[in-house]
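See structure below.
The values are calculated or read from the model by the stated rules, or taken from the named source; none is laboratory data. Here the structure is a predicted model, which means the values were calculated and not measured. Neighbour counts run over all protein chains shown; Cβ positions are idealised from the backbone, glycine included.
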Amino acid sequence: MDCQEYIERFLSADVDGELSAEEASAVSQHLAGCPNCAKRLASEREFKAFLRKRVPIISAPDDVRRRIVAELDRSASPSFADRIRALTPVLRWAPAAIAAVLIVMVVLSRFSQTQAVPAFDEAIASFTAFQGKFVPNVSANPSLALGQPGHHYDEWIREQIGVSVSAWNFDKLGYRFVGGRADRLPDGRAVVFTLYKGPNGQIVCAFQRFANFPVPPGGQTVNRVHHFYRYKGMSVCLTIEGDMVCILTCRMPLDDFIHAIKQVES
């Protein structure tokens, strides 16, 4: 578990005592070696204790809770579920006005999320799978590895997907090249995954060939070719150059990810 995963997935539940035994064990191990996250947890607990002391306890109406549960059941987004779980304790004690504002914010967020993007879903599924196991077709071979003089990794990717690419090098960010994997997407098209590991977890890059790839709305465009999204709890960078499509996924906060890409390209 890294800091970003703890903050995004477990912090709110930890503060409210809603972790399972397995989650609590993993969180305890992380906090034992991470003073920054331990400090963040203490700060969150102090803030909620302050609110409980100053704000009267008023239960949310049953119909409101039922609507929230119904929205949660319909939502396909893990990040939306995390937000609901984080707000549930608040709705038990917040005044009616505050509760109403929170409910409106949650419902609006349900409809303001980026529309479903199958390519992003595939990239996130691969990111999750590679956390457990990644079997490269190309590893740290001196003739192919990134960062080596005269490396041929770009050419190897071109041979797999049929379009020229410029592979990412995240050395500036402290992320090391683990390896590349040639694979097939569900529709049969070729894809090359590259895995990088660094101080805040991993970054997964997926190169593929896709003519006229539609740019999803709602993103932030940087340098004309990079489109950034916060999608289902992940940060995604979509790069399109001709028929070449590159999708980067990571757990960094979106603003940090945008800054990181700018730093890499500087």
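Summary of computed values
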read-out	value
Criterion: in contact with a Ser or Thr (Cβ under 9 Å, 6 or more places away or on another chain) and buried (at least 19 other Cβ atoms within 10 Å of the Cβ) - qualifying residue of Leu238, Leu248, Leu195, Leu254	Leu248
Evaluation of Phe177 against (1) touching a residue at least 60 places away in the same chain (Cβ under 8 Å); (2) over 24 Å from Ile7 (Cα atoms) (one fails), failing number	(1)
Of residues in segment 214-256 being aromatic (Phe, Trp, Tyr) and modelled with pLDDT of 95 or more, the one nearest to Arg158 (Cα to Cα)	Phe228
Lone unmet requirement of (1) in contact (Cβ under 8 Å) with a residue 24 or more places away in the chain; (2) surrounded by fewer than 14 Cβ atoms within 10 Å (Cβ to Cβ); (3) under 21 Å from Val264 (Cβ atoms) for Asn200	(2)
Cβ-Cβ under 8 Å pairs, at least 6 apart or on other chains, segment 117-130 side more than 13 Å from Val236 (Cβ to Cβ) and not assigned by TED's automatic domain parsing to the domain that holds Leu185, far side at pLDDT below 95 and of a type in the set (A, V, I, L, M)	none
Test for Val191: is it among the β-branched types (Val, Ile, Thr), under 17 Å from Phe134 (Cβ atoms), in contact with a Leu (Cβ under 8 Å, 6 or more places away or on another chain) and without any contact (Cβ under 8 Å) to a residue 40 or more places away in the chain	yes
In segment 178-203, the residues that are hydrophobic (A, V, I, L, M, F, W, C) and in contact with a Phe, Trp or Tyr (Cβ under 6 Å, 6 or more places away or on another chain)	Val192, Leu195, Ile203
Matching residues, segment 221-237, being closer than 21 Å to Gln4 by Cα and not charged (D, E, K, R)	Phe228, Tyr229, Tyr231, Gly233, Met234, Ser235, Val236, Cys237
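Here is a yes/no grid of residues against (1) assigned to a loop (DSSP other than H, G, I, E, B); (2) modelled with pLDDT under 65; (3) surrounded by 17 or more Cβ atoms within 10 Å (Cβ to Cβ):
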| site | (1), (2), (3) |
| --- | --- |
| Gly17 | yes, no, no |
| Glu23 | no, no, no |
| Ala26 | no, no, no |
| Gln29 | no, no, no |
| Arg45 | no, no, no |
| Ala60 | yes, no, yes |
| Asp82 | no, yes, yes |
| Ile98 | no, yes, no |
